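Below you'll find the structure, written out as structure tokens, and then a few comments.
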Amino acid sequence: MDLENGEITILNFIDGKYQEKPLNGEWMDNFNPATGKPYGKLPNSGVEDVELAVQSARNAFKSWSKTPKDVRSRILNKIADILESRLEEFAKAESRDQGKPVSLARTVDIPRVISNFRFFAGAILHHVETSSDMDGVAVNYTTRSPIGVCGLISPWNLPLYLLTWKIAPALAVGNTIVCKPSEFTSLTAFMLCSVMKEAGLPDGVCNMVFGRGVVSGNALVEHPKVPLISFTGGTHTGQFIIRNSAPHYKKLYLELGGKNPNIIFDDANLEECVATTVRSSFSNQGEICLCGSRILVQEGIYDKFIQRFVEETKKLVVGDPRDPKTTTGALVSDEHPRDPKTTTGALVSDEH
């Protein structure tokens, strides 16, 4: 697979096997954000694909939930080992698929993917239950057990990093999974499937279904045999998930959009504030839920801050994500810069 220049066909991964095509036969173009041109295709999966993946995960749950913790831990560490050996390959793939500089994917995204697996591989070995004594009359204790099939729906800004932040703990505690990565950034999730297979993860424990959220994502949300949904994304979609999952009383983990202010007072260290604000505003093209989207500056320091902030912002290098000098890559999709939510507000500098 030529990750830098070749065309790539992404396939659903169900029951430990890549599926030749989605059951409905529908495909979507997969675009390179830096060029705006398609460089492959991915499934536009339907309800039938999700049903097949859920059934596979349910079948695998019977044995995976009973697998000893040390075995699960070893498999998670093995996944981390393989990812570490292929770090550069995954970094280039993440950059091509998402638009971020390769340097950022190499130093942040993929190392954190590896850390996700290592952390939960260790955590599961040291988990303890809790209990409380009621004055010698009784002992209350809490036990925790796997819940079943988890539906994991991940975003496009930190694709594999945030997806594995969901996968690793779910696997560690003995759950099985159906993932629905963002249709904008599915490549590294597709690549992860081969890593999990090589590491010895049993068939059906982690399944990947690619496609649009309104179809395949909603099929997970509404599925009566998926008791937990973890979603990272927009607030409007979160409302949609709450509403559509309500009849099934699912456990929901929703990490939704933020509106983050940088608050700068007169007595602040100006140079530290400028450096931090530039980094927190423009890292990953500003496509991080933690990025500062408002800057509130006290009057006494306002003029100096604006001057220094503009000066430092002009030093950012917008360019080819593959160029080591690039600090700001491409926005993830053609629709993104046209979204009113991302274009309102005053510009500090006409050049940026």
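Bear in mind these aren't lab numbers, they're just calculated from the coordinates by the rules spelled out. Computed from a predicted model, the values in this text were never measured in an experiment. We place every Cβ from the backbone using ideal geometry, glycine too, and count neighbours over all the protein chains shown.
General observations
- In whole percents, the pair-distance distribution calculated for the range 151-205 from its alpha-carbon pairs, binned every 5 Å from zero, is 4, 20, 32, 28, 13, 3.
- When the chain is treated as a GNM with alpha-carbon contacts under 10 Å, the residue of Thr313, Thr130, Thr276 showing the greatest mean-square fluctuation is Thr130.
- Residues considered: Val173, Val113, Val297. Largest GNM mean-square fluctuation over the chain, using C-alpha springs under 10 Å, is found at Val297.
- Against the chain, whose longest principal axis comes from its Cα atoms, helix 270-282 is set at around 50 degrees.
- Distance (nanometres) between label positions extended 7 Å along Cα→Cβ at Val137 and Tyr249: 2.8 nm
- GNM top mover of Gly257, Gly213, Gly99 - the chain, alpha-carbon springs below 10 Å: Gly257
- Angle between the chain longest axis and helix 299-313 axis [Cα atoms, degrees, rounded to 10]: 80 degrees
- The angle between the Cα long axis of helix 69-85 and the main principal axis of the chain comes to about 40°, on a 0 to 90 degree scale.
- For the chain, with +1 on Lys and Arg beta carbons and -1 on Asp and Glu, the positive-most of Gly6, Gly300, Leu76 along the dipole: Leu76
- The charge dipole of the range 107-184, taken about the Cα centre with unit charges on the Cβ atoms of Lys, Arg (+1) and Asp, Glu (-1), comes to about 320 debye, rounded to the nearest 20.
- Proximal lysines to Lys69, defined as alpha-carbon separation beneath 29 angstrom and excluding residues fewer than eight positions away on the same chain: Lys17, Lys78, Lys166, Lys180, Lys197, Lys225, Lys250, Lys251
- Top positive-direction residue, dipole computed over the range 156-256 with Cβ charges, set Ser186, Pro202, Val215: Val215
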